[in-house]
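The values are calculated or read from the model by the stated rules, or taken from the named source; none is laboratory data. Computed from a prediction, not measured in an experiment: that's the story for all the values here. Glycine also receives a Cβ, built like all others from the backbone with ideal geometry; neighbour counts cover every protein chain displayed.
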Amino acid sequence: MTMRLRELTIRYSASRDADGQPVLIGRTVERAAEAASALLSLLQDEAAEVFVILCLSTKRRVIGFHRVSRGTLDSTPVHPREVFKVALLANAGAIILAHNHPSGDPTPSRDDVQLTRRIAHAGKIIGIDVIDHIVVGDGRWTSLHDLGLLA
């Protein structure tokens with residue numbers, strides 16, 4: 001019996017703005033505000049919670065955008081394994097987490113904070129920094145890093 005191995009790959013298609021330009025790919029991101037406006041336009045009109053990551057190079061240039069999960073009106077399942085599988089395949093040096101709150105209020109929940117800390121801890125173990133988690137609401141956003149809730 002012959003067994004064949006398949007190479008794992010991730011294929012990205014860049015989200016585009018009204019002019020057809022990539023929304024995030026290629027941008028350098030050092031602070032939440034530099035990514036938040038694009039994430040706001042991508043996530044604020046979603047009817048269900050959507051959890052995404054931005055994969056960044058070691059120089060903090062966006063090299064990938066990946067939708068990790070899509071959930072219900074008030075939750076979405078997220079596991080660190082699914083987050084870092086993509087980040088590792090993209091050869092990311094760091095990631096930014098983001099999700100929306102369809103209610104319009106970007107205030108992070110206790111579950112949001114716990115999940116962020118769990119993913120950040122896993123990232124430290126495997127060597128991929130989690131530099132922020134942005135929660136998007138109706139025309140506004142919140143950075144867990146800026147609130148001091150990341151660590």
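Here are a few things to note about the model shown:
- Candidates in the range 65-110 are the residues that are farther than 16 Å from Val50 by Cα and of a type in the set (Gly, Ala, Ser); of these, the one that is modelled with the lowest pLDDT is Ala90.
- Any hit, the range 135-146, residues being free of Cβ contacts under 8 Å to residues at least 60 places away in the same chain, in contact with a strand residue (DSSP E or B) (Cβ under 6 Å, 6 or more places away or on another chain) and assigned to a loop (DSSP other than H, G, I, E, B): yes
- Of all residues in the range 79-103, exactly one satisfies the criterion of being without any contact (Cβ under 8 Å) to a residue 40 or more places away in the chain, surrounded by 19 or more Cβ atoms within 10 Å (Cβ to Cβ) and over 11 Å from the mean Cα position of the chain (by Cα), namely Ala92.
Residues are listed down the side, and each one gets a yes or a no for (1) polar (S, T, N, Q); (2) in contact with a helix residue (DSSP H, G or I) (Cβ under 8 Å, 6 or more places away or on another chain); (3) closer than 17 Å to Val130 by Cβ:
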site: Glu49; (1), (2), (3): no, no, no
site: Arg70; (1), (2), (3): no, no, no
site: His79; (1), (2), (3): no, no, yes
site: Val83; (1), (2), (3): no, yes, yes
site: Ala90; (1), (2), (3): no, no, yes
site: Gly93; (1), (2), (3): no, no, yes
site: Ala98; (1), (2), (3): no, yes, yes
site: Ser103; (1), (2), (3): yes, no, no
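- When the range 6-52 is filtered for residues that are modelled with pLDDT under 80, among the small types (Gly, Ala, Ser) and touching a strand residue (DSSP E or B) at 6+ places or on another chain (Cβ under 7 Å), the ones remaining, listed by number, are Ala14, Ser15, Gly26.
- Inside the range 101-118, residues that are among the polar types (S, T, N, Q) and either under 12 Å from His79 (Cα atoms) or assigned to a helix (DSSP H, G or I) (or both) make up a count of 2.
- Among (1) assigned to a helix (DSSP H, G or I); (2) surrounded by 14 or more Cβ atoms within 10 Å (Cβ to Cβ) - the single one Phe51 does not satisfy: (1)
- Scanning the range 118-126 finds no residues that are exposed (fewer than 15 other Cβ atoms within 10 Å of the Cβ), β-branched (Val, Ile, Thr) and modelled with pLDDT under 95.
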